[in-house]
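J.: Dropping a structure here in structure tokens format, bear with me for questions.
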Amino acid sequence: MKRVYVNEKWCLACHLCEYYCAFANSNEKDMVKALKDIVINPRIRVEQKDNISFAVSCRHCEEPLCVKGCITGALSIKDGVISVDQNKCVGCFTCILCCPYGAISPGDESVIQKCELCTNNIHGSPQCVKGCPNNAIVFEER
Amino acid sequence: MGINLLYPEYEVARNMDRCINCRVCERQCANEVHSYDKEKKIMCSDDSKCVNCHRCVALCPTRALKIVKTDHTFKENANWRGSIINEIYKQAESGAVLLSSMGNPNAYPVYFDKILLNASQVTNPSIDPLREPMETKVFLGSKPNSIQRDKDGKLVNNLSCGIELSVPIMFSAMSYGSISYNAHESLARAAREAGILYNTGEGGLHKDFYQYGSNTIVQVASGRFGVYKDYLEAGAAIEIKMGQGAKPGIGGHLPGTKIVGDISKTRMVPEGSDAISPAPHHDIYSIEDLRQLVYSLKESTNYTKPVIVKIAAVHNVAAIASGIARSGADIISIDGFRGGTGAAPTRIRDNVGIPIELALASVDQRLREEGIRDNVSVVVGGSIRNSSDIVKAIALGADCVYIGTAALIALGCHLCRSCHTGKCNWGIATQEPELVKRLNPDMGYKRLVNLVSAWKHEIKEMMGGMGINSIESLRGNRLMLRGVGLNEKELQILGIKHAGE
């Protein structure tokens, strides 16, 4: 299955992935309209310390702890992509505690949010990958 | 410091309606032009630090940025132009020689732009390269004067060692040190993929790049940095650098601050000490001396590598080339006055040397007249900007061209001409690890390969139009060229007719 992988060697800590993520999940067509005057809450985050940086988003684990921990079955895995059913989520945040990567976070308009590889928005393919200027984030089979 | 007399040359124009405060401009500018004002919640810029490299413009996700040339002006004066006044202010402040990067930017004539190509009509059919074979392969090196046959009448291979290229393009000498590791890796990988050669420049060959040896020209220059047996044996050819188009008569100077880590090892220069390439080779004061170096390099590589002698295009270039053709060199490389550099004194770069078109035409003519044209191949560089420049250069008599600036532009260079500051925002002319990593060779090499293959297609199209199906038939074919707006003397030197003749 194709997954989003990061290569810290090429990450420039420019944080553009975060903005392309926030834009993609706004489902707006104009980035300015989507992101002007707001503080973004993206599903991918650049971790950095000193000269090392890399972007972290959901790994879509083969044995996902978040899905195992979910008390209502809101998190499920289908064709390798872990997605959230917002109608079932009760906001217990067990998944946020379970995820070893810190890739699940409280959402702005939903209870929780996580990377669903842009399958849940108008784009259909990961926009962080498309927007990365240095191929530090790739979407590939490994 | 008293009054600052310099007004910033560029202004950062930020469309506040489009700026989303993502701060990518701030994070990506090594010159620290951009900053975020937390109280006002807006991005600000300090125009005086901007070098107009477009890194922020290219990465701004909402296209909120552009750089404009300031319309602030001096009182108009055709003699004392603003740039000249500013240079005096700079020198009065610093007391130093002015430094510049990349090629001569001044408005001297570009002869390539005053030469037009021929095409076939009616009486001689043009060739469609998509349907018919078209040869762009070239062989560089000295060619035998006669055909030899053995006693059975079979041909004897009396070719000397040479270079085979899939297209008459090579990446010109840019040292590891003047450009980054990633830029070098991009060039090396692209050369292998495209079936051409790149050139180490006078910086030695990093141990990681020995694997690209068969696509490498190793350079021996006046400082002899990084030269030893394995280095000479690693490449496909050896180039002796006598001069550089951007700074004829001038040596090089890589400051000690840049001689760190791998660069120190590769150049074989102690860390922190300046790497100074003298202006002349201290063992070469005549063609006979040059011959000695040519043959010592050949001897040390067992006569398996062709030797290139690179010179800058200067006033008596034809006579110099004639001497080189008799020195035992296999290839002469001529660098025109528009050739690039990582750093050169501004006055030298802008005022010394001659245009490559004129130098090439006069060298080719001189070598033909003396019957020694086949002794050597001629490679020209010094601002080959596109495939039509290549076709024109070959029709003027070149065997192949060197591209340096064009290759860097393919890697992202925006010709901001600030290489000498060492803070290249595109990761090319810098050694700062945080900037070097901005050039991912996986992306860079593909862009170079794309450029070369695009030019190859265009060369074929232009040759096909002329009814020529091989580079060999185009070389020195000056009947395919016509000048526009050139005077009698220029046409005579170029050896071409005026359009309409």
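Just so you know, all these numbers are worked out from the coordinates, no wet-lab data involved. Quick caveat, the model's predicted, so the values are computed rather than measured. In this analysis, Cβ positions are derived from the backbone assuming ideal geometry, glycine residues included, and neighbour counts consider all displayed protein chains.
J.: Give the order of B:I276, B:I263, B:I67 when sorted by the count of other beta carbons within 10 angstrom, beginning with the fewest.
T.: Working: B:I276 16, B:I263 25, B:I67 21.
In order of increasing Cβ crowding within 10 Å: B:I276, B:I67, B:I263.
J.: Here's another thing I want to ask about it. Per the Kirkwood definition applied to all pairs of different Cα atoms, how many angstroms is the hydrodynamic radius of chain B?
T.: Values: mean 1/r = 0.0412 Å⁻¹.
About 24.2 Å for chain B.
J.: Report, in degrees rounded to the nearest 10, the 0 to 90 angle that the Cα long axis of helix B:387-396 makes with the longest principal axis of chain B.
T.: Between helix and principal axis, roughly 40 degrees.
J.: Springs between alpha-carbon atoms under 10 Å, Gaussian network over chain A: tell me which of A:G131, A:G73, A:G102 tops the mean-square fluctuations.
T.: Of the options given, A:G73 has the highest mean-square fluctuation.
J.: Return one number: the angle in degrees, 0 to 90 and rounded to the nearest 10, between the long axis of the Cα atoms of helix B:82-94 and the longest principal axis of the Cα atoms of chain B.
T.: On a 0 to 90 degree scale, this one is about 70.
J.: For the residue pair B:N316 and B:F139, what label-to-label distance in nm results when each label sits 7 Å from Cα along the Cα-to-beta-carbon direction?
T.: Reported label-point gap for B:N316 and B:F139 is 3.5 nm.
J.: When the helices in chain A are scored as -39500 (n - 2.57) per DSSP H run of 4 or longer and the sum is shared across all residues, what 222 nm value do you end up with, to the nearest 500 deg cm²/dmol? Don't skip to the end; give the middle numbers.
T.: On the way: 5 runs with 29 residues, N = 142.
Here the helix-only value at 222 nm equals -4500 deg cm²/dmol.
J.: Need the C-alpha centroid separation for the stretch A:116-142 versus the stretch B:364-380, integer Å.
T.: The two parts, judged by their Cα centres, are 55 Å apart.
J.: Could you give the Stokes-Einstein D for the stretch B:399-498 in µm² per second, using the C-alpha Kirkwood radius, 20 °C, 1.002 mPa s?
T.: 128
J.: Please identify which residues in the stretch B:444-459 have an amide N closer than 12 Å to a label point set 7 Å out from the Cα of B:R131, following the Cα→Cβ vector.
T.: No residue passes the distance filter.
J.: With N set to the number of residues, divide the alpha-carbon radius of gyration of the stretch A:61-114 by 2.2 N^0.38 Å and report two decimals. Intermediate results must be reported in sequence, preceding the final value.
T.: Numbers: Rg = 10.0 Å, N = 54, 2.2 N^0.38 = 10.0 Å.
For the stretch A:61-114, the normalised Cα radius of gyration is 0.99.
J.: Over the Cα atoms, compute the radius of gyration (one decimal) and Dmax (the largest Cα-Cα distance, rounded to a whole number) for the stretch B:1-153, in Å.
T.: 27.5, 92
J.: Please state, rounded to one decimal and in Å, the Kirkwood hydrodynamic radius that the protein assembly as shown gives when every pair of distinct Cα atoms enters the mean of 1/r.
T.: Numbers: mean 1/r = 0.0361 Å⁻¹.
27.7 Å is the Kirkwood radius here.
J.: May I pose another question? Give me B:D364, B:D113, B:D37 sorted ascending by neighbouring Cβ count inside 10 Å, so fewest comes first. Working shown, then result.
T.: On the way: B:D364 23, B:D113 14, B:D37 10.
The fewest-first ordering by Cβ neighbours comes to B:D37, B:D113, B:D364.
J.: Largest first and in whole Å, give the semi-axes of the stretch B:286-367's equivalent ellipsoid, each being the square root of 5 times a Cα gyration tensor eigenvalue.
T.: 25, 16, 11
J.: Then there's this: What percentages, rounded to whole numbers, describe P(r) for the stretch B:235-360 computed over all alpha carbon pairs with 10 Å bin width beginning at zero?
T.: Bin by bin from 0 Å, the calculated values are 13, 35, 37, 15, 1.
J.: Which FRET efficiency, nearest 0.05, do B:D37 and B:W80 yield, Cβ-Cβ r, R0 30 Å? Before the final figure, lay out each step's value.
T.: Values: r = 39 Å, r/R0 = 1.29.
FRET efficiency, B:D37 to B:W80: 0.20.
J.: If we count other beta carbons within 10 Å of each Cβ, what is the order of B:K460, B:K40, A:K9, B:K90, fewest first?
T.: If I rank by nearby Cβ atoms, fewest first, I get B:K40, A:K9, B:K90, B:K460.
J.: When the label point is put 7 Å from the Cα of A:I52 along its Cα-to-beta-carbon vector, which residues of the stretch A:1-38 have a backbone N closer than 16 Å?
T.: A:6-13
J.: Any chance you could get the radius of gyration and Dmax over the Cα atoms of the stretch A:1-81, in Å?
T.: 15.2, 41
J.: Okay, next question. Averaging over every viewing direction, what projected area does the convex hull of the Cα atoms of the stretch B:166-262 cover, in nm²? Each step should come with its number before you reach the end.
T.: Numbers: hull surface 25.1 nm².
Taking a quarter of the hull surface, the average projection is 6.3 nm².
J.: Okay, moving on. Cα convex hull of chain A: how many Å³ per residue?
T.: Working: hull volume 16.4 nm³, N = 142.
Dividing the Cα hull volume of chain A by its residues yields 116 Å³.
J.: In addition: Once both labels are modelled 7 Å past Cα along the beta-carbon direction, what's the A:E140-B:S166 spacing in nm?
T.: Going from the A:E140 label point to the B:S166 one covers 2.1 nm.
J.: I need the Debye-formula profile for the stretch B:74-190: one equal scatterer per C-alpha, no solvent, reported as log10 I(q)/I(0) at q = 0.15 1/Å, two decimals.
T.: So the normalised log intensities work out to -1.12.
J.: In a shell of Cβ-Cβ distance under 13 Å around B:R189, excluding B:R189 itself, what net charge do Lys and Arg (+1) and Asp and Glu (-1) give?
T.: Summing Lys/Arg as +1 and Asp/Glu as -1 gives -1.
J.: To the nearest 500 deg cm²/dmol, what mean residue ellipticity at 222 nm is calculated for chain B from DSSP H runs of n ≥ 4 alone, each contributing -39,500 (n - 2.57), summed and divided by the residues? Could the numbers behind the result be given before it?
T.: On the way: 16 runs with 149 residues, N = 501.
When only DSSP H runs of four or more count, the value is -8500 deg cm²/dmol.
J.: Where does helix B:441-465 land angle-wise versus the long Cα axis of chain B, in degrees 0 to 90, nearest 10?
T.: 50
J.: If I take R0 = 25 Å and measure r between the Cβ atoms of B:R385 and B:A96 in this structure, what FRET efficiency does the formula 1/(1 + (r/R0)^6) give, to the nearest 0.05?
T.: E between B:R385 and B:A96, to the nearest 0.05, is 0.20.
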